[in-house]
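The values are calculated or read from the model by the stated rules, or taken from the named source; none is laboratory data. Since the model is a prediction, treat every value here as computed from it, not as a measurement. Virtual Cβ from ideal backbone geometry, glycine too; neighbours counted across all protein chains shown. Quick note on the areas: whole protein, heavy atoms, side chains included, nothing else; ligands and nucleic acids left out. Shrake-Rupley method; radii C 1.70, N 1.55, O 1.52, S 1.80 Å.
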Amino acid sequence: MCIRDREEAAAGFKKLGFDVVEVKLPNLEQLTLCYFALVTSEGRMRTFKQGLLGERMMKEYELTKTLTHLPKWVRGLIPFFLRLKGENRLAKISGVTGEKTAAEYCDWAQVMQVEQDKFHKVWNDLQLDGLILPGLATPPFQHGKASSLVVTSLYAFITNLLDLPTGVFPMTTVRPGEDIYDNSDCPVNDKIKHDMAAAIRGTENLPVGVQIVTKPFEDEKCLQLMQELETIIKKIDPPRI
């Protein structure tokens, strides 16, 4: 499903006269871990809670909230036990989550800068106008599942981390039979994999979007690319609720 939306967007840009090439993004895992490390670095989600202005936090953030409130010595044990259970992806995320010293924060900021440089080198070498990225790593999933599937938003994390102007374009809908997660070629067998398979069942007819991404400070180009794609892509009707 998440391949078809990008293929249709790429086909649309080809019709508009653009050259379309497949791009391998450098080190998605490192970028994702860097995002989790930096956004939780102040500890206890202080700024996050201040921004709510007294409103109740959504339950989907409860897991992150719990992790950031744990003492550092307890957080250090969690990755160990997760690895024992074969949850290596969750172990890596939990291992970087939580309050950090100023020196630790600077180390992660340096990692971010290095990854930004790698990303922009790929972009410049290929002389890209823009990128087509998935909105999520899965089709839409059920309400309440974001807490255990937050990692599926990694493409949105990356565009924020790299300061890239990004617009979400409603591309298509989930067709009959596409609300099944084909994980047969997935090299890992963990909770994320099984939660993804369960969460997307019953999502037929829900909208699926792609991200149109441009370089920093090229917001107008991002809007232009979206506008051009809109001229040849059939408008999807909102789902009946």
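Based on C-alpha pairs under 8 angstrom that are at least 6 apart in sequence, segment 4-105 has a relative contact order of 34 percent. Note on the chain: helix-only mean residue ellipticity at 222 nm, from DSSP H runs of 4+ residues weighted -39500 (n - 2.57) and normalised by residue number, equals -15000 deg cm²/dmol. The lysines whose alpha-carbon is closer than 21 Å to the alpha-carbon of Lys118, local same-chain residues fewer than 8 away aside, are Lys24, Lys215. Within straight-line reach of Lys100, meaning a Cα separation under 23 Å, sit the following lysines at least 8 residues removed in sequence or on another chain: Lys49, Lys65, Lys72, Lys92. Per residue, segment 131-241 exposes 56 Å² of accessible surface when a 1.4 Å probe is rolled over the protein heavy atoms with every protein chain present. Computed over segment 109-241, relative contact order equals 34 percent, with contacts defined as Cα pairs under 8 Å that lie 6+ residues apart.
Of the solvent-accessible surface of the chain, computed with a 1.4 Å probe and all protein chains present, 55% belongs to carbon and sulfur. For a straight C-alpha distance cut-off of 20 angstrom, the aspartates and glutamates reachable from Lys234 (same-chain residues fewer than eight places away being disregarded) are Asp5, Glu7, Glu8, Glu178, Glu204.
Helices assigned as whole DSSP H runs in the chain whose Cα atoms extend at least 15 Å along their own long axis and whose mean Kyte-Doolittle hydropathy is -0.5 or higher are found at 28-39, 72-84. When you restrict to C-alpha pairs under 8 Å that are six or more residues apart and normalise by the size of the chain, the relative contact order lands at 26 percent.
Label zone (Phe81, point 7 Å along Cα-to-C-beta; backbone nitrogen cut-off 19 Å) within segment 97-112: 97-99.
Considering only Glu220, Glu55, Glu178, the Gaussian network model of the chain with Cα springs below 10 Å gives its largest mean-square fluctuation to Glu55. The residues Arg56, Arg4, Arg175, sorted by heavy-atom accessible surface at 1.4 Å with ligands and nucleic acids left out, run Arg56, Arg175, Arg4 from largest to smallest.
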